[in-house]
Structures are given as structure tokens and as C-alpha cells.
1. For the stretch 90-139, name all the residues that are basic (K, R) and either within 15 Å of the chain's Cα centre (by Cα) or at positive phi (or both).
2. Can you pull out every residue in the stretch 210-244 that is under 21 Å from the mean Cα position of the chain (by Cα) and outside any loop (DSSP other than H, G, I, E, B)?
3. Could you grab me the full set of residues in the stretch 111-135 that are assigned to a loop (DSSP other than H, G, I, E, B) and crowded, with 20+ Cβ neighbours inside 10 Å?
4. So is N190 touching a Phe, Trp or Tyr at 6+ places or on another chain (Cβ under 6 Å) and over 17 Å from I230 (Cα atoms) or not?
5. Here's a check for you: in the stretch 57-81, which residue that is of a type in the set (S, T, N, Q) and touching a strand residue (DSSP E or B) at 6+ places or on another chain (Cβ under 9 Å) is farthest from S227 (Cα to Cα)?
6. Can you spot a residue in the stretch 245-259 that is assigned to a strand (DSSP E or B), in contact (Cβ under 8 Å) with a residue 12 or more places away in the chain and either of a type in the set (G, A, S) or in contact with a helix residue (DSSP H, G or I) (Cβ under 8 Å, 6 or more places away or on another chain) (or both)?
7. Residues to consider are V200, V240, V229, V214; find the one that is without any contact (Cβ under 8 Å) to a residue 24 or more places away in the chain, in contact with a strand residue (DSSP E or B) (Cβ under 7 Å, 6 or more places away or on another chain) and buried (at least 17 other Cβ atoms within 10 Å of the Cβ).
8. Can you tell me which residues in the stretch 172-196 are assigned to a loop (DSSP other than H, G, I, E, B), of a type outside the set (D, E, K, R), surrounded by fewer than 21 Cβ atoms within 10 Å (Cβ to Cβ) and touching a residue at least 40 places away in the same chain (Cβ under 8 Å)?
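Just so you know, all these numbers are worked out from the coordinates, no wet-lab data involved. This one's a predicted model, so the numbers in the text were calculated from it and none came from an experiment. Note that we place each Cβ from the backbone using ideal geometry, even for glycine, and neighbour counts take in every protein chain shown.
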Amino acid sequence: MRSFGFVAAGLIKYRGSHCSAVAGRLGTDMCKEPKTKLLRLYPPTSNGPTVHQETQTDDSEVLSCTVKALKDGHIVAVPTDTIYGLACLAQNSEAVKKIYEVKERNGQKPLAICVGEIQDIYQYCKVKVKEGLLGDLLPGPVTLVFERSGKLNTNLNPFTSLVGVRIPDHAFMRRLCQMCGEPLALTSANISSTTSTVEVHEFQELWSKLAVVVDGGPIGDETRQGSTVIDLSVPGKYRVIRPGCALSATLDVLEHKYGLSENSKEE
């Protein structure tokens, strides 16, 4: 896993008539402002539009502001180890509804959840594989699908008994989940059915609908495939839902190390 050595290069108020009056405010006061904020973890290196840097801050303030926005029921954009994502608190039904509206996403398409530690998975999923398997695949660019537990918000994917869970190999995201103390609903940062994004300027049309945009710089996965999605809800079996960017390595672990066989039957 990457070390948590982020240095935020700036905090920018994106819109709002009185943003300039509070541009220098940090911490709790900063987070009270409801307008969109662009929070940079890295100096900008993309070819996207240049945004004037107004203040200096650090990763702890980026985290605290993002957590505050999530706790207030807002949608945020975040970097992961594969592509940029949109996130909200999975246990907040209104926020879940809002994330579908922002993405213009079909309400019958499920959202994955994101947690910070492997032990968190057991709270929200009924796990039928060895814990070692989870440790071999997570954190990483893989979404594992299990039967959901009763603790997970019933308004999140109410049309299915299954849920996908991620632990991105991205220190900021893991720390964000840990600080929230509950799972995040996570989906790609784009309008539904359009190309996935690997730089924040690529989804700039969504910024005005978000409370916080965390700019972690360009993401290395130029394939834009997103995570590999594997259904592990049937004991001893696996089913590939989406090949994603890590299929070969994932199947090697499932088949050769743990002896799982493919289940081609879609439930």
C-alpha cells in the first residue's frame, strides 16, 4: 500500500459570491461553507484548466473537510487506485438518492461500498471465503461481491441481496473511510454510460453538484477500466461480473491459491 504522505498543494473555493471573503479560513470554519471546494493533494500535473491557488493547507485538513461534507449528507469526488469516484455515506438514504441524480444513473444499477479495513467487510457482508483470500486481494483494484448483512442500509441497492465492497490501494481513501467510521457508497465520477475519468478536469461538468472535489493528480490506470468485480457469494465458486484492470492476477489467486472454480450461472 502506498504510504500516507500526501501534501495538499492548495484549497480553492470553486463557486459562490462570498467565497473570496473566506478564502483564508481553514479547519471547521472552512467546512461550513456549502459551496464546491477543490482540495488538492498534489501539485497539478495534468493538462486540465489551471485554477488559482488561494491558500495552503495539508492532508489532514483535506480529510477533515471531506469527512465533514460526507457527514452533512453531501456528495464528494475522490481519487482511488483505478479511476476517480463519487462518494457519499452508504448509510444515508438521501445521500444515496442524490448520488444517483448527480450521475444520472439508472436506479436499478447497484452502488459498491468502500471501507477502510478488511475487518469492516464482516460488518456489512456475509463473507463465505477465507480471510486470507481477502488479504491477498485487498487493498487493491478489486471489488468483491458478497451477500449483504442486515447492518447495511436497506435503501442502498434494495433490489438485490448482494453488495460489492472495495478497499482501494489508496491511502487517502482508506483513511477517509476510517475517519467516517462507516462505509462509503462509491461509483465512478462521470455521467452514467460515459468514459471513466482519471483527472479531475475530465468531470468538471459535475463540480457544481458536489461539495468537495479532491484532486489527487492524474491516476495511473490509463486503461480506465475500473476495478475487477468478482462475485464470491456462492461458497467455493467465483463469477466474473466485470473483468476490469486486474482480472488475470485476481483469477490466479482465486483458482490456484484457494481452489475456487468458476460459476458461470448468473443469479
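1. Result: K103, single match.
2. Here is the first cut: in the stretch 210-244, the residues under 21 Å from the mean Cα position of the chain (by Cα) are 210-232, 240-244.
The answer is V212, V213, V214, D215, T228, V229, I230, D231, V240, I241, R242.
3. Selection gives L111, V115, G116.
4. Working: touching a Phe, Trp or Tyr at 6+ places or on another chain (Cβ under 6 Å): yes; over 17 Å from I230 (Cα atoms): yes.
Criteria met by N190.
5. The first filter runs over the stretch 57-81 and keeps only residues of a type in the set (S, T, N, Q), leaving 57, 60, 64, 66, 80.
If we keep only those that are touching a strand residue (DSSP E or B) at 6+ places or on another chain (Cβ under 9 Å) as well, we get 57, 66, 80.
Working: T57: 31, T66: 23, T80: 10 Å.
Restricting to residues being of a type in the set (S, T, N, Q) and touching a strand residue (DSSP E or B) at 6+ places or on another chain (Cβ under 9 Å), the top hit is T57.
6. Checking the stretch 245-259: not a single residue is assigned to a strand (DSSP E or B), in contact (Cβ under 8 Å) with a residue 12 or more places away in the chain and either of a type in the set (G, A, S) or in contact with a helix residue (DSSP H, G or I) (Cβ under 8 Å, 6 or more places away or on another chain) (or both).
7. Being without any contact (Cβ under 8 Å) to a residue 24 or more places away in the chain, in contact with a strand residue (DSSP E or B) (Cβ under 7 Å, 6 or more places away or on another chain) and buried (at least 17 other Cβ atoms within 10 Å of the Cβ) holds for just one of V200, V240, V229, V214, which is V240.
8. Just the residues of the stretch 172-196 that are assigned to a loop (DSSP other than H, G, I, E, B), to begin with: 181-183, 189-196.
Checking which are of a type outside the set (D, E, K, R) leaves us with 181, 183, 189-196.
So of that shortlist, the ones also surrounded by fewer than 21 Cβ atoms within 10 Å (Cβ to Cβ) come out as 181, 191-196.
Residues satisfying the conditions are I191, S192, S196.
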